[in-house]
Amino acid sequence: MNLQAESLPQRAKCVMVLGTSSGAGKSWLATALCRHYARQGLKVAPFKAQNMSNNARVVASPGGSGEIGSAQYFQALAARAEPEVRMNPLLLKPEADTRSQVVMLGQVDAELSAMPWRGRSEQVWPRIEQALDDLRADYDVVVIEGAGSPAEINLMASDIVNLRVARAAEARCLLVTDIDRGGAFAHLYGTWALLPEADRARIDGFVLNKFRGDATLLAPAPEQLEQLTGVPTIATLPMWWQHGLPEEDGVFDDRSRSQGAVTRTVAVLAYPRLSNLDEFQPLKNIPGLRLVWARSPAELAGADWIILPGSKHTSSDLTWLRAQGLYRAIADHAGQGGAVLGICGGLQMLGEALIDTHGIDGNAPGLGLLPLVTQFDPDKTVQRTQACFGDLVGAWSALSGVTLQGYEIHHGQTAQHPAMAAAGDVARAVLPGLAWQNDRGNVLGCYLHGLFEDPAVLQALFGASAPTLDSVFDGLADYLERHIAPGVLDALIA
């Protein structure tokens, strides 16, 4: 008996989802795989080495609380695992076209944020690899999501999220493509052909995603592709608009809205640096509610509510609002008694001014709809929060006394504008330090993200409930199991 071999720790089997491009369906497929393997009684964890997204969630961290990308947060819930920072060790949050805030193992790292990308990759890889190794020691299966495409030959030498991870994890890989875009077979073949020969052998199957039409018309392409590559096409997944899973970077597509007669229209402003857009997914599932993503005054016409969501760079998004003429449209809507809600960065925009003495975000005049002022602080607030609304009036009065769970991710600290208070203009504090409304009651600003993910809030505002996330995850797994070749998923972890 080899006692030394028997003492070696069990290492999880790894299944990796690669894509021919961004938006091919990696996050969706990885989430479905997490729930599929969890339903087999296995201990499952998600992993993505590096995510670039302003959609983030607050999770467990060695330091208390930290941030990971929303996709890995939802994948962890699908896997029935507690979300934590090892599941997405590196998160890049874009602040401008050429600059991102770097979050390493849940915490903002100013030194890494200032470092060139290629130099950064070697600095962060040891910590990424350690996080992966630790997960493999603690779980039975790790479902890994790649980023973009593994065949970006200009980036391959500095890769820390696709092939380098696949090798470190000894992963069995699926390559997914969006057939609705056209050119799917060329994308699959080209991606496979650009991989180093040893890495081609890691590809166990091709997946055609978002297919519309008669599947018999695909022949003989899958067979020809297998003759060229040796890789079978294991699934053709039909287009599914209303699966209920928040997309990684939001869905600007009216076809995915709830069906039926529209009784309420909610417009969410889609400024360039908006963040945490995924928290509005439950609104898409409310009967009779139409969700509009607005980038122009015309798209606000007819809206019952206007929502200013979070922002990764509040001052620049305020400048954009003014340049698009949206400032006047928002002010007119509020002046006519229309409901306005600002969340996090959106709350900051509703105030009188942004004051930045530390170079965090920038100084800017606010929209002036609430008598508040925000000062930016180098320390970032990252925490989960439970709170109970006080007495609200007007459009938001249904929230009075509602207890909710949410999360905070912000640098700014907001308070009553002292000079305006002296003149008698005082905001109504309805959650101490977290939420305020105007005297008329139609404008509300709140720091808590996740408002519409709380069942009590949905019931109070709409008298309705959205499908639970757990039912969404089961639906994803059911859908995948119906359309994938029998035995494939078991074989990946054999």
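The values are calculated or read from the model by the stated rules, or taken from the named source; none is laboratory data. Quick caveat, the model's predicted, so the values are computed rather than measured. FYI the Cβ positions are ideal-geometry reconstructions off the backbone, even for glycines, and counts take in every protein chain you see. Heavy atoms of the whole protein, side chains included, go into the accessibility calculation; ligands, DNA and RNA do not. Shrake-Rupley method; radii C 1.70, N 1.55, O 1.52, S 1.80 Å.
For the structure I just gave you, tell me whether G335 is out of contact with any Leu (no Cβ under 7 Å at 6 or more places or on another chain) and of a type outside the set (D, E). So G335 passes the test.
Taking region 138-149 as the range and being open to solvent by less than 10 Å² (accessible area, probe 1.4 Å) and in contact with a Leu (Cβ under 6 Å, 6 or more places away or on another chain) as the test, the residues that pass are V141, V142, V143, G146.
All but one of (1) surrounded by 18 or more Cβ atoms within 10 Å (Cβ to Cβ); (2) in contact with a strand residue (DSSP E or B) (Cβ under 6 Å, 6 or more places away or on another chain); (3) farther than 25 Å from D278 by Cβ hold for A485; state the number of the condition that does not hold. A485 satisfies every listed condition except (1).
For region 22-33, state whether one or more residues are at pLDDT 95 or above, over 30 Å from P272 (Cβ atoms) and buried (at least 24 other Cβ atoms within 10 Å of the Cβ). Yes, region 22-33 contains a residue that is at pLDDT 95 or above, over 30 Å from P272 (Cβ atoms) and buried (at least 24 other Cβ atoms within 10 Å of the Cβ). Of the residues making up region 83-137, those that are of a type outside the set (A, V, I, L, M), open to solvent by less than 70 Å² (accessible area, probe 1.4 Å) and assigned to a helix (DSSP H, G or I) are R86, S113, G119, R120, S121, W125, E129, D133, D134, R136. L448 meets all of the listed conditions (1) over 24 Å from the mean Cα position of the chain (by Cα); (2) crowded, with 18+ Cβ neighbours inside 10 Å but one, namely (1).
Taken over region 282-303, residues that are assigned to a helix (DSSP H, G or I), free of Cβ contacts under 8 Å to residues at least 60 places away in the same chain and either touching a Ser or Thr at 6+ places or on another chain (Cβ under 7 Å) or open to solvent by less than 40 Å² (accessible area, probe 1.4 Å) (or both) amount to 2. Taken over region 194-219, the criterion of being free of Cβ contacts under 8 Å to residues at least 24 places away in the same chain and not in a loop (DSSP other than H, G, I, E, B) is satisfied by E197, A198, A215, T216, L217, L218.
Which residue out of S397, S465 is over 30 Å from A169 (Cβ atoms), modelled with pLDDT of 95 or more and surrounded by fewer than 22 Cβ atoms within 10 Å (Cβ to Cβ)?
Answer to the selection: S397.
Take the residues in region 60-82 that are assigned to a strand (DSSP E or B) and open to solvent by 10 Å² or more (accessible area, probe 1.4 Å), then tell me which one is modelled with the highest pLDDT. Top of the filtered list is S65. For region 36-59, the set of residues classified as in a helix (DSSP H, G or I) and over 23 Å from I203 (Cβ atoms) consists of A38 only. The condition of being crowded, with 24+ Cβ neighbours inside 10 Å and at pLDDT 95 or above holds for only one of L18, L42, that being L18.
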